[in-house]
Ligand code: ATP
Ligand code: MG
Ligand code: MG
Ligand code: MG
């Protein structure tokens, strides 16, 4: 079996062999770009070269980039832990051509790497190509499809719509069709029941997207029309943890050696085994994932704090603490104890984790302790609320009280509900939602402005980012409205 370390190296070596310059990952925390808080794709660090604001340094580049998708256009936070293949922080392997090679080489090399070099069974692969769009007077990307046809039967080359298969930087600017590689890792038996092609892009945990090849060939003008770019570019991104899952023959990113030390150590600390209970498993995945996001943010110089990027990091850490507290029984700081295991998983590729281990542990421990104090104050308050509700013969806790717990003590509604249930009480969710909505209305104007991959500066007003709690609240409201 290939280790994750070998897989990462194999990717970089492969593209070195194709005359690519290997560069370092840019920091995950972006400084000095008010339009982007965290790197969310490999392409970010090349933004200026790509827009022609800076000369192209190397026409062919490859790297592994630390990415964080917890805000703005790419916000996967709500999936993390519930599914097995979206992370907050992940590595994106990528290769680029700036005005050099185009679709043919990008597709040939993707195939050569995955099938010839890595030995992925070609019968488990699907490619998607842009289906075209009448609005833009654009045809299907037959050029890309033609290159895939060298390797794949036609019924494994699927059409995709604008949402999945057309990349745009923003409302105007460079854009173009993309072509994705998806892999079906189900057993023969499962494959016989439902064809893989019906599951591509359906959020199936065993039929997943691994690599996105973007072909930047147009410029979108202010009037909405497309013109051809003089220089065409390639921008690819492949999820490293997903690739490891496929190559290590496991069914979840968390079963790869990228996470295994952390999960084993966590199991020891809480005396629970991963894989025995779905709720505990979710909590363990959340913690193993969030640890990475927080540790790498700190290593990049972003400490948890009360505003902007620091606030996002604080919230991620608190989310992990809450899961540990609620589902794994941790009443004292524990996440900092996992940094050592994380170092074992990732320290080779990212020495910043090794060099800053002590700082990372210290910051996480202090954050955990201070949040646990707030949590326990909140729990005392909730105990009083419960006693009073029982005395008054109520069957529910008032939504207003649940909201105070949420807003002041960081109690998510499900934690309040859990504790209420243990006391045979419900929570008045409707009035909770009304309180939440009122707060949302108050802060609407201060909401985050990140909407596109990159926003051109002159287009946005400077506003302060308030963190994803507001987004979490919105999602919750949407969910409750549905019922
Ligand atoms: P998905 O549809 O699975 O959310 P995506 O289309 O949003 O992925 P891209 O923006 O195309 O992802 O990013 C390139 C690659 O990065 C994807 O093909 C996938 O392998 C990987 N990737 C994207 N988001 C995540 C994530 N949150 N965690 C881990 N890997 C990811
Ligand atoms: Mg996505
Ligand atoms: Mg996708
Ligand atoms: Mg994609």
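Here, each number is a calculation from the coordinates, and none is a lab measurement. Computed from a predicted structure; not experimentally measured. Ideal geometry is used to build each Cβ from the backbone, glycine not excepted, and the neighbour counts take in all protein chains shown.
Computed values, structure above
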quantity	calculated
Pairwise centroid distance, computed over Cα atoms, of segment 140-183 with segment 52-122, Å	15
Global geometry of segment 17-133, whether rounded, prolate or oblate, following the gyration tensor of its Cα atoms and the 1.5 cut on a/c	oblate
Gyration tensor verdict on segment 277-374 (Cα atoms; rounded if a/c is under 1.5, prolate if a/b is larger than b/c, oblate otherwise)	oblate
Label point 7 Å beyond Cα of residue 115 along Cβ direction - residues of segment 126-155 with amide nitrogen under 15 Å	126-128, 145-155
Structure-based [θ]222 nm, the chain - -39500 (n - 2.57) summed over DSSP H runs of at least 4, per residue, nearest 500	-13000 deg cm²/dmol
On Cα atoms only, tilt of 4-17 relative to the major axis of the chain in degrees	30
For the chain: rounded, prolate or oblate by the Cα gyration tensor [a/c cutoff 1.5]	prolate
Span from the segment 252-270 Cα centroid across to the segment 316-380 one, whole angstrom	15
Burial ranking of peptide ranges 94-106, 270-282 (average Cβ count within 10 Å, highest at the top)	94-106, 270-282
Percentage relative contact order, the chain, counting C-alpha pairs under 8 Å, at least six apart	14
By average C-beta atoms within 10 angstrom, highest first, the peptides 74-81, 13-20	74-81, 13-20
Highest-first arrangement of 308-321, 337-350, where packing means the average Cβ count within 10 Å	308-321, 337-350
Cβ-derived FRET efficiency at R0 30 Å, residue 159 paired with residue 251, nearest 0.05	0.60
